[in-house]
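The values are calculated or read from the model by the stated rules, or taken from the named source; none is laboratory data. Since we're looking at a predicted model, the values are computed, not measured. Cβ sites come from the backbone with ideal geometry, for glycine too, and all protein chains shown count toward neighbours.
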Amino acid sequence: MTYCLGIMLRQGLIMIADTRTNAGIDNISTYRKLHVLAETKDSYVVLASAGNLSVTQLVLGMLSEGLPSRNPDDGLRKVQHMPTMFQAAQLVGEAVMAAGAQLKPALYAAGVSSGISLLLGGRIAGGPLKLFLIYDAGNFIEAMGDTIYFQIGEVKYGKPILDRIIQPSTSLNDAVKCALISFDSTMRSNVSVGPPIDIFVYRRDSMAPGFTIRLEGSDPYLRSIRDAWGSALHKAFQDTVPGPGWKI
């Protein structure tokens, strides 16, 4: 299991992913799930992944090497060659379908779950900043209107704080803080999600590469989030939220 989160705000884009993978309670390891697909002067595209690791790695390999064009003379197609983020999402969806066709029959026969889901975010050729959720069938939706964040993986524990806090006008700093509280709540309730946590922040009006950082489990800010949030919840429960007032 894993947890990845993408948030699209007026100020920019945030993508965060944990790194824990497990094939049972006694086989836990670390694997990067936030991947840079394109990094040029005016393009920066990032992919977050959840689900079957072998299928995800095959998708990433296909995208790295390039997918064949319908016209062989056109060469291989890569994310950085796409003119728009929409066409980049189409290319990633095509890779998901191709990887599934190659691996899923054998995985199904072995009784292994083969599903994956992906978050694709960034900009291409100085175009608009975009965030997409790409499903296991290769289809996708875009963050727009009332939908400003996507979660994949273990989503239920971290969702309540996002629903209460995140708005289009939320600042990048506040959104990162809220996102890390979302991750802390998830890690508290599910040991299959854990640090290190990779963070990517891209300011909407910037053409510079996005800000990236990895937080280890011992990171002071990550620890302060855990301690302060736990203390605040306990205080609110004891001092702020009224009891039912019933005679029990």
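May I ask you to verify whether P160 is loosely packed, with under 13 Cβ neighbours inside 10 Å, of a type outside the set (S, T, Y), in a loop (DSSP other than H, G, I, E, B) and at pLDDT 95 or above? So that I can check it myself, show each step before the final result.
Working: loosely packed, with under 13 Cβ neighbours inside 10 Å: yes; of a type outside the set (S, T, Y): yes; in a loop (DSSP other than H, G, I, E, B): no; at pLDDT 95 or above: yes.
Considered against the rule, which asks whether it is loosely packed, with under 13 Cβ neighbours inside 10 Å, of a type outside the set (S, T, Y), in a loop (DSSP other than H, G, I, E, B) and at pLDDT 95 or above, P160 comes out as no.
Every residue, every condition in (1) in contact (Cβ under 8 Å) with a residue 12 or more places away in the chain; (2) acidic (D, E); (3) touching a Ser or Thr at 6+ places or on another chain (Cβ under 9 Å), yes or no:
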{"site": "A101", "(1), (2), (3)": "no, no, no"}
{"site": "A110", "(1), (2), (3)": "no, no, no"}
{"site": "L129", "(1), (2), (3)": "yes, no, no"}
{"site": "F132", "(1), (2), (3)": "yes, no, no"}
{"site": "Y135", "(1), (2), (3)": "yes, no, yes"}
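Can you spot a residue in the range 21-35 that is crowded, with 16+ Cβ neighbours inside 10 Å and farther than 24 Å from Y202 by Cα?
Yes, because at least one residue in the range 21-35 is crowded, with 16+ Cβ neighbours inside 10 Å and farther than 24 Å from Y202 by Cα.
As an exercise: evaluate I16 against (1) assigned to a loop (DSSP other than H, G, I, E, B); (2) touching a residue at least 24 places away in the same chain (Cβ under 8 Å) and give the number of the one condition it does not meet.
In the conditions (1) assigned to a loop (DSSP other than H, G, I, E, B); (2) touching a residue at least 24 places away in the same chain (Cβ under 8 Å), I16 misses (1) alone.
Exactly one condition in (1) within 29 Å of L53 (Cβ to Cβ); (2) touching a Lys or Arg at 6+ places or on another chain (Cβ under 9 Å); (3) modelled with pLDDT of 95 or more is false for I124; which is it?
In the conditions (1) within 29 Å of L53 (Cβ to Cβ); (2) touching a Lys or Arg at 6+ places or on another chain (Cβ under 9 Å); (3) modelled with pLDDT of 95 or more, I124 misses (3) alone.
Any idea which of V193, V155, V201 is crowded, with 19+ Cβ neighbours inside 10 Å, out of contact with any His (no Cβ under 7 Å at 6 or more places or on another chain) and in a loop (DSSP other than H, G, I, E, B)? Full working, then the answer.
On the way: V155 fails: crowded, with 19+ Cβ neighbours inside 10 Å; V201 fails: in a loop (DSSP other than H, G, I, E, B).
One residue alone meets the criteria, V193.
Considering A125, A137, A101, which residue is part of a loop (DSSP other than H, G, I, E, B), loosely packed, with under 13 Cβ neighbours inside 10 Å and among the aliphatic types (A, V, I, L, M)?
On the way: A125 fails: loosely packed, with under 13 Cβ neighbours inside 10 Å; A101 fails: part of a loop (DSSP other than H, G, I, E, B).
Testing whether each residue is part of a loop (DSSP other than H, G, I, E, B), loosely packed, with under 13 Cβ neighbours inside 10 Å and among the aliphatic types (A, V, I, L, M) leaves just A137.
What is the residue count in the range 97-153 for residues that are among the aliphatic types (A, V, I, L, M) and within 16 Å of the chain's Cα centre (by Cα)? Talk me through it step by step, then tell me what you get.
Filtering the range 97-153 down to residues among the aliphatic types (A, V, I, L, M) leaves 97-99, 101, 103, 106-107, 109-110, 112, 116, 118-120, 124-125, 129, 131, 133-134, 137, 141, 143-144, 148, 152.
Then drop every residue that is not within 16 Å of the chain's Cα centre (by Cα), which leaves 116, 118-120, 129, 131, 133-134, 141, 143, 148, 152.
The number of residues fulfilling the criteria is 12.
If the requirement is being in contact with a strand residue (DSSP E or B) (Cβ under 9 Å, 6 or more places away or on another chain), modelled with pLDDT of 95 or more and farther than 19 Å from L119 by Cα, which of these qualifies: L180, L215?
Values: L180 fails: farther than 19 Å from L119 by Cα.
That would be L215, the only listed residue that is in contact with a strand residue (DSSP E or B) (Cβ under 9 Å, 6 or more places away or on another chain), modelled with pLDDT of 95 or more and farther than 19 Å from L119 by Cα.
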